[in-house]
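What follows is a set of notes on a single structure, which appears directly below.
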Amino acid sequence: MDCIQNVDRDIFWVGGSDRRIALFENMFPLDNGVTYNAYMIIDEKTALIDTVDNSIRRQFFDNMRASLGGRPLDYMVINHMEPDHCAHIEDICRLWPDVKLVGNAKTFQMIRQFYHMDLEGRTVEVKEGQELSLGRHTLRFYMAPMVHWPEVMFTYETSRHILFSADAFGSFGGYNGNLFCDEMDYFDQHMEEARRYYTNIVGKYGPQVLAALKKVGGQEISMICPLHGPVLRGPDMGKMIEKYTRWASYRPEKAGVLMAYASMYGNTEEVIHRLAGMLSERGIRDIRVYDVSKTHYSYIIARAFQYSHMVLASPTYNMHLYQGMDTLITDMGKLNLQGRKVAIIGNGSWSPSSHTFMQKKIEEMKNMTLLVEPMVIRSSMLPEQEAQLAAMADAIAASIKEDEPAINA
Ligand code: FEO
């Protein structure tokens with residue numbers, strides 16, 4: 001049974017949704033699934049823009065056939081070669097043997113790598129700014145390397161000003177029937193998962209995202225059709241472009257503090273809770289506390305991108321960092337997170353060293369500020385360390401208040 005939706009004149013959504021999937025990329029928990037979007041343009045020539053993940057194969061081909069209405073497929077535009085979007089290239093070439101594959105040189109190299117296909121006579125290789133006319137609709141291609149993978153490109157439909165943005169502007173979360181962001185409370189339903197998607201999947205490539213946004217920024221855009229999540233249009237589209245610009249610049253969205261801790265027997269946790277209370281007493285009203293053993297690091301990464309300040313606390317384990325904290329802080333570095341204000345608390349019963357590992361990793365990241373010297377506790381905090389913790393709270397609270405006007409500007 002097909003499940004297509006009209007996107008615009010002659011343009012249809014032919015994607016689908018998978019809520020059975022537990023882990024995106026076999027790594028990131030999905031609480032409510034994910035959509036895989038693909039789009040069909042029915043014109044003098046027909047063109048499919050991207051395919052979908054193998055998990056929703058039947059839905060996709062039902063949608064393909066319904067949208068084509070018996071016509072042949074002339075073009076398949078491949079904006080991104082990650083297999084959650086290109087799993088059906090071989091099948092499509094078998095079902096519509098005259099289809100031409102539209103991509104760039106790197107696209108075709110990856111098709112050969114993944115599928116070992118003979119592409120002789122099948123390809124239309126496009127370069128920056130090149131156009132392809134379908135009749136009433138013309139597609140223009142913009143290279144967007146590393147807006148996740150090197151072969152990524154954006155496709156811009158010139159008559160209706162629609163941007164097919166590959167992974168950019170995507171979100172986790174399954175299909176709810178409302179395809180467009182203005183048919184729902186997008187910020188309530190999708191913002192958290194759009195941030196988690198961006199920061200964990202594309203977050204490393206901020207400069208490349210900014211370059212791609214600049215490239216298409218001169219065009220009128222009426223609608224953004226990403227490969228995951230709702231189609232964007234109207235005021236929320238503008239807000240999402242602002243969010244993307246902020247995330248890609250590593251600028252925090254909020255003046256507040258993320259507190260992430262590891263704790264084996266509750267002693268480090270107790271210090272974090274005491275510090276959180278002290279911050280509240282000092283007027284800080286946006287505090288998020290996470291146990292790295294309970295919350296998957298991808299959720300905490302999203303908060304780290306969102307908030308201006310962070311406190312990291314961890315026991316020493318095997319003369320190193322506790323694993324959950326090591327994973328979190330290493331991933332922050334890999335994702336190029338930068339420009340945050342940080343405080344560190346280490347714990348150890350006979351040779352505390354977690355604080356030195358956390359400090360080293362933070363110092364290896366760009367433009368990070370350690371607000372105070374790391375605090376070290378031995379098994380549990382001593383009453384006489386209360387003053388040191390209060391001084392840490394003073395420094396964090398003062399710094400948040402100082403940064404608040406610029407962040408909210
Ligand atoms: Fe949704 Fe980079 O693939």
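A simple spin-label model places the labels of D182 and E242 1.7 nm from each other, with each point 7 Å out along Cα-to-Cβ. Couplings 3J(HN,Hα) for region 318-329, derived from phi with the Karplus relation 6.51 cos²θ - 1.76 cosθ + 1.60 (θ = phi - 60°), are 6, 6, 9, 8, 4, 4, x, 6, 4, 4, 4, 6 Hz, where x marks Gly and Pro. Computed over region 5-248, the P(r) curve from all C-alpha pair distances, binned at 10 Å from the origin, holds 7, 35, 40, 16, 1 percent per bin.
Relative contact order of the chain, taken over Cα pairs closer than 8 Å and 6 or more residues apart, is 11 percent. Compared with the dominant principal axis of the Cα atoms in the chain, helix 234-248 is inclined by about 50°.
Based on the reciprocal of the average 1/r between different C-alpha atoms, the Kirkwood radius for region 89-215 equals 16.6 Å. In region 254-402, Cα pairs under 8 Å separated by at least six residues give a relative contact order of 27 percent. So what J values fall out for region 101-106 if you push phi through Karplus, 6.51 cos²θ - 1.76 cosθ + 1.60 with θ = phi - 60°, rounded to Hz, Gly and Pro as x? Working through the residues one at a time gives 8, 10, x, 9, 4, 5 Hz. Would region 6-115 count as rounded, prolate or oblate if I go by the C-alpha gyration tensor, calling it rounded below 1.5 in a/c and otherwise prolate when a/b exceeds b/c, oblate otherwise? Judged from the Cα gyration tensor, region 6-115 comes out oblate (a/c at least 1.5, b/c at or above a/b). With 0.36 nm allotted per residue and the present C-alpha distance subtracted, the V124-Q109 stretch has 4.1 nm of extension available. What angle do you read, to the nearest 10 degrees and between 0 and 90, between the alpha-carbon axis of helix 354-364 and the longest principal axis of the chain? Here the helix axis deviates by roughly 50 degrees.
The fraction of all Cα pairs in the chain landing in successive 20 Å bins from 0 to the largest distance is 26, 47, 23, 4, given as whole percents. For region 123-166, trypsin sites (Lys or Arg not before Pro) are listed when DSSP marks them as loop and at most 10 other Cβ atoms sit within 10 Å of their Cβ; the list is K127. Projecting the Cα atoms of G217, G238, L275 onto the charge dipole of region 195-285 (Cβ charges, centred on the Cα centre) puts G217 farthest toward the positive pole. Spacing of the modelled spin labels on Q323 and E281, each 7 Å from Cα toward Cβ, amounts to 3.7 nm. Relative to its residue count, region 254-402 spans a Cα convex hull of 94 Å³ per residue. As a rough footprinting exposure proxy, the listed residues H309, H273 were ranked by other beta carbons within 10 Å of their own, and the order from fewest upward is H273, H309. Relative to the longest principal axis of the Cα atoms of the chain, the long axis of helix 57-68 makes an angle of roughly 40 degrees.
A short reminder: the numbers here are calculations on the coordinates, not readings from a lab. It should be emphasised that the depicted structure is a prediction, and the values quoted were computed from it without experimental measurement. Cβ coordinates were reconstructed from backbone atoms using ideal geometry, including for glycine residues, and neighbour counts include every protein chain displayed.
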